[in-house]
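The values are calculated or read from the model by the stated rules, or taken from the named source; none is laboratory data. The shown structure was predicted, so the numbers you read here are calculated from the model rather than taken from an experiment. Neighbour counts are summed over all protein chains in view; Cβ atoms, including those assigned to glycine, are modelled from backbone coordinates with ideal geometry.
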Amino acid sequence: MPMAAALGAFAGTFLHRRCFLRPPRNPTGKTLRTAAAAANRAASSAVSTTEFAPNTLDAKVSNGTDQLACPKVSNGTDQLACPICYHPLISTREETLTSSLATNMECVTCKKAYVNNGQYLDLTISGGSKEFDETMPPSTELFRTPLVSFLYERGWRQNFVLGGFPGPEKEFEMAKEYLKPTVGGTVIDASCGSGLFSRLFAKSGLFSLVVALDFSENMLQQCDEFIKKEDISKENLILVRADISRLPFVTASVDAVHAGAALHCWPSPSAAVAEISRVLRPGGVFVATTFILDGFYPAVPILSAARQVFTRATSQHLYMSEGELEDLCRACGLVGFTCVRNGSFVMLSATKPG
Ligand SMILES: C[S@@+](CC[C@H](N)C(=O)[O-])C[C@H]1O[C@@H](n2cnc3c(N)ncnc32)[C@H](O)[C@@H]1O
């Protein structure tokens, strides 16, 4: 775990022993009118001060997004876009989307070519560059190393339980609840790492297309190896290298974005969530987990100031409070923010209105 993650997990473990579940808030004033929402609210209130017990998390997931959902889901084609001009990509061969991803692609407008190396399609802006390689902040670079990528599912990720993460299977079950309105469509597993959740999404058969997306070449390589080892079909699963702040998808074309344990690693959370908001179709759902840090912390001016100085000096975003996460989603045009917490773990969800 990076130092910041370790600190956050440590602090969170001691500061937030309770599991909070707040009723979905309603920025538009239009939701929460249905009987289902009322039931959700009642259930949420009933458990809001309950001590955390892992097997009760199912009941605690309040789906504050289903009232906003649009029944339309995408058919899994023509969503990939050039990360420079956001216009659609076409295969150099005339085949279906998934099989065409075994080939290079090019932008219909600027004609820039994007390379598929057999493991993943590189849709970063600098992907095909011969000399230039983008250097990112430490929380991104750390995961590009072969060692961390190799260790990630071999012990690293398991440590997150110390910070209150319930574990991948439970997290997946919780995420599925939030993603119900988008079943049948396309889900992007953003910052997928070695594909822990991408593989679960693919195996579930719930989505017509699963995009495993990460900036780290080594994480994607690990992901590809796990897919082969687990004998998972790639018919509805594609691996894409991309920067979360420059998502290679057509605007309003994606049904769901899942981002497990990644928000705190993103160089610019606001640029990332704005991009997620851009690519989501109306009614599309964003669900993410991260470490949270609040309680007395944001209220103490010296601690807030120290965090600001640290962030500015290192480009490293320390964990946010629940209020900041909600504000971030709202600032990026997402509504119906709701979350489930346990220790320093939080799963949040928000929806693209329309
Ligand atoms: C802690 S891992 C999370 C992996 C997995 N989603 C999970 O739930 O365990 C964070 C991931 O964020 C990715 N990441 C960091 N910066 C990124 C960026 N700018 N664009 C895309 N992914 C990024 C890292 O490569 C890493 O795989």
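Count of the stretch 219-236 residues, restricted to those that are crowded, with 24+ Cβ neighbours inside 10 Å and in contact with a strand residue (DSSP E or B) (Cβ under 6 Å, 6 or more places away or on another chain), is 2. Being within 12 Å of the ligand (Cβ to nearest atom) and modelled with pLDDT of 95 or more: is that true of Pro282 here? No, not satisfied.
Looking at the structure I just gave you, is Glu141 within 14 Å of the ligand (Cβ to nearest atom), of a type in the set (D, E, K, R), in a loop (DSSP other than H, G, I, E, B) and surrounded by fewer than 17 Cβ atoms within 10 Å (Cβ to Cβ)? Considered against the rule, which asks whether it is within 14 Å of the ligand (Cβ to nearest atom), of a type in the set (D, E, K, R), in a loop (DSSP other than H, G, I, E, B) and surrounded by fewer than 17 Cβ atoms within 10 Å (Cβ to Cβ), Glu141 comes out as no. Tell me, please, whether a residue that is more than 11 Å from the ligand (Cβ to nearest atom), in a helix (DSSP H, G or I) and touching a strand residue (DSSP E or B) at 6+ places or on another chain (Cβ under 6 Å) can be found in the stretch 158-166. Within the stretch 158-166 (the criterion being more than 11 Å from the ligand (Cβ to nearest atom), in a helix (DSSP H, G or I) and touching a strand residue (DSSP E or B) at 6+ places or on another chain (Cβ under 6 Å)), the answer is yes, since at least one residue qualifies.
Residues in the stretch 175-213 that are part of a loop (DSSP other than H, G, I, E, B) and of a type outside the set (A, V, I, L, M, F, W, C): Gly184, Gly185, Ser191, Gly193, Ser194, Gly195, Gly205, Ser208. The single condition among (1) more than 8 Å from the ligand (Cβ to nearest atom); (2) crowded, with 24+ Cβ neighbours inside 10 Å; (3) touching a residue at least 40 places away in the same chain (Cβ under 8 Å) that Ser216 does not meet is (1). Ile276 fulfils the conditions (1) of a type outside the set (Lys, Arg); (2) within 15 Å of the ligand (Cβ to nearest atom); (3) assigned to a strand (DSSP E or B); (4) under 11 Å from the mean Cα position of the chain (by Cα) except for a single criterion, (3).
Candidates in the stretch 170-191 are the residues that are at negative phi and within 12 Å of the ligand (Cβ to nearest atom); of these, the one that is surrounded by the fewest Cβ atoms within 10 Å (Cβ to Cβ) is Phe172.
If you check Gly118, Gly155 for being more than 9 Å from the ligand (Cβ to nearest atom) and either at pLDDT 95 or above or among the aromatic types (Phe, Trp, Tyr) (or both), only one passes: Gly155.
The set of residues in the stretch 237-273 being surrounded by fewer than 18 Cβ atoms within 10 Å (Cβ to Cβ) and away from the ligand (no atom under 11 Å from the Cβ) consists of Thr251, Ala252, Ser270.
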